[in-house]
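The values are calculated or read from the model by the stated rules, or taken from the named source; none is laboratory data. These numbers come from a predicted model, not from an experiment. As a convention, Cβ positions derive from the backbone with ideal geometry for all residues, glycine included, and neighbour counts pool all protein chains shown.
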Amino acid sequence: MSQMPKAKISKQQHFEYVLGKHIKWMRSLGLNVDDKGDIIKSKDISINSGYYPTTDLSDVQPQPKLSNKICGNGKKVDNSWKIEASKNFTVVPAYNKGPYMVVNKSDLKTAGRKV
């Protein structure tokens with residue numbers, strides 16, 4: 001059974017098809033869009049135009065959470081215990097190779113050697 005070849009459409013017809021889908025999507029978001037795909041501002045809309053008034057999209061699409069807000073009661077976190085704990089360790093090359101390893105200061109003499 002042979003299949004019929006697909007009908008080829010011109011670039012202009014494809015553009016009009018895609019533009020129509022895009023306009024439909026923009027209207028589903030609540031935007032005022034004319035037939036050319038341009039957004040119409042609310043104050044320029046006549047009463048009989050048939051388009052919805054432009055909505056504020058900040059309610060529809062929530063803003064991402066930012067990390068620039070101070071959490072908790074606004075006091076700086078005390079990290080002094082980390083500094084005291086790190087005084088017991090040092091960083092040395094592992095077996096004279098590229099990577100580094102953290103070694104306890106008491107094991108520093110044998111670091112990088114097989115014991």
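Quick notes on this structure:
- Where G50 falls short, out of the listed (1) modelled with pLDDT under 80; (2) surrounded by 11 or more Cβ atoms within 10 Å (Cβ to Cβ); (3) of a type in the set (G, A, S): (2)
- Close pairs from the range 8-36: first among the basic types (K, R), partner assigned to a loop (DSSP other than H, G, I, E, B), Cβ under 8 Å, at least 6 apart: R27/Y51; R27/Y52
- Considering the conditions (1) out of contact with any strand residue (DSSP E or B) (no Cβ under 8 Å at 6 or more places or on another chain); (2) modelled with pLDDT of 85 or more; (3) not in a helix (DSSP H, G or I), I83 is excluded by exactly one of them, (3).
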